[in-house]
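Reviewing the structure listed below.
The values are calculated or read from the model by the stated rules, or taken from the named source; none is laboratory data. On a predicted model such as this, the values are computed, not experimentally measured, just so you know. When we count neighbours, we look across all protein chains shown, and the Cβ atoms used for this are built from the backbone with ideal geometry, even at glycine. The area values use the complete protein model at the heavy-atom level, side chains included, leaving out ligands, DNA and RNA. Shrake-Rupley method; radii C 1.70, N 1.55, O 1.52, S 1.80 Å.
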Amino acid sequence: MSRQPYVRPISKTTWYMRNGRYKRYMLREVTCLLVGFYSLLAIFGLAALAAGTPERWDAFLASQQNGLMVAVHAIALVYFLVYMTFDWFKLAPKAMPVQLGEKKLPAQVIVIGHYLAWVVVSLVIFWLAGVI
Amino acid sequence: MSIAKKSVVWGLFAAGGTISAFVFPAMIALFLLIALGKTPAGLQFESIHAFATNWLGKLSLFVVISLSLWHAAHRLRVVFHDFGVRLDKVVANAVYLVALIGTVMTAFYLYVI
């Protein structure tokens, strides 16, 4: 007597479309493309800087100055904030719970701490860049 | 994968994710300013070159770029799996190799500057 358990067929390529949580997960995971893109862009910038002359650096800046890159950076900024930064902060208390003796630090405190630190980090970067 | 290897990969992923979550929004905003033709003073050649010459500037640029690359590589490996690509060994080798090359390039350029 052999039993043949029923296995629900699930698509390997579109499984996340069935459920809002899974979709949200995929929207978050693909932010790695943005992290990769901006890391490589930063390396291109360093290469231009390493040439040691203002010409190469100015050419790098000029390569960003067109309508396409305005759109890319604007969309990337919003997408990154929503699906990477804010999601990362939301998950932080689950990934790194803080134990204080018998008690745990409330999740909200950890999340708010992340937001405050993020504001400080951003202000420091803008200050270093001469924006403020 | 051994537990020791896994913890290294996970550690780099988590560190890179935290750093990029904190730093990248401001960095993308700066790129947006550049794209709009409003390059801030600190990103003109003299200032940014001085920043990248300073050892603290070098260190922070290296930490941010290299850890972010390792984070992106690890997440991209999982994304490939999630989109139905079942060639984990090939994918893992490819993404970690790119992260390694990027790390070496970052170190080299910072050394030259």
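A single member of A:Val124, A:Val120 is open to solvent by 20 Å² or more (accessible area, probe 1.4 Å), aliphatic (A, V, I, L, M), touching a helix residue (DSSP H, G or I) at 6+ places or on another chain (Cβ under 9 Å) and over 27 Å from B:Phe80 (Cβ atoms), and it is A:Val124. One residue alone among B:Val91, B:Val8 is open to solvent by 40 Å² or more (accessible area, probe 1.4 Å) and of a type in the set (Val, Ile, Thr), and that residue is B:Val8.
Working only within the stretch A:25-36, note down all residues that are surrounded by fewer than 16 Cβ atoms within 10 Å (Cβ to Cβ) and touching a residue at least 12 places away in the same chain (Cβ under 8 Å). Of everything in the stretch A:25-36, just one residue is surrounded by fewer than 16 Cβ atoms within 10 Å (Cβ to Cβ) and touching a residue at least 12 places away in the same chain (Cβ under 8 Å), namely A:Leu27.
Looking only at residues in the stretch A:85-132 that are β-branched (Val, Ile, Thr) and under 30 Å from B:Ala41 (Cα atoms), the one that is nearest to the chain's Cα centre (by Cα) is A:Thr85.
The number of residues in the stretch B:100-113 that are facing chain A (nearest Cβ under 9 Å) and not hydroxyl-bearing (Ser, Thr, Tyr) comes to 6. Using the structure shown, decide if B:Thr39 is among the polar types (S, T, N, Q) and over 23 Å from A:Arg56 (Cβ atoms). So B:Thr39 does not fit the description; no.
Total residues in the stretch A:62-80 satisfying the condition of being at the interface with chain B (Cβ under 7 Å from one of its Cβ atoms) and either modelled with pLDDT under 95 or open to solvent by 60 Å² or more (accessible area, probe 1.4 Å) (or both): the figure is 1. Going through (1) surrounded by fewer than 15 Cβ atoms within 10 Å (Cβ to Cβ); (2) at the interface with chain A (Cβ under 7 Å from one of its Cβ atoms) one by one, B:Val23 falls short only on (1). The condition (being part of a helix (DSSP H, G or I), more than 7 Å from chain A (Cβ to nearest Cβ) and either under 26 Å from A:Ala117 (Cα atoms) or touching a residue at least 40 places away in the same chain (Cβ under 8 Å) (or both)) is satisfied by just one residue among B:Lys89, B:Lys58, B:Lys6: B:Lys58.
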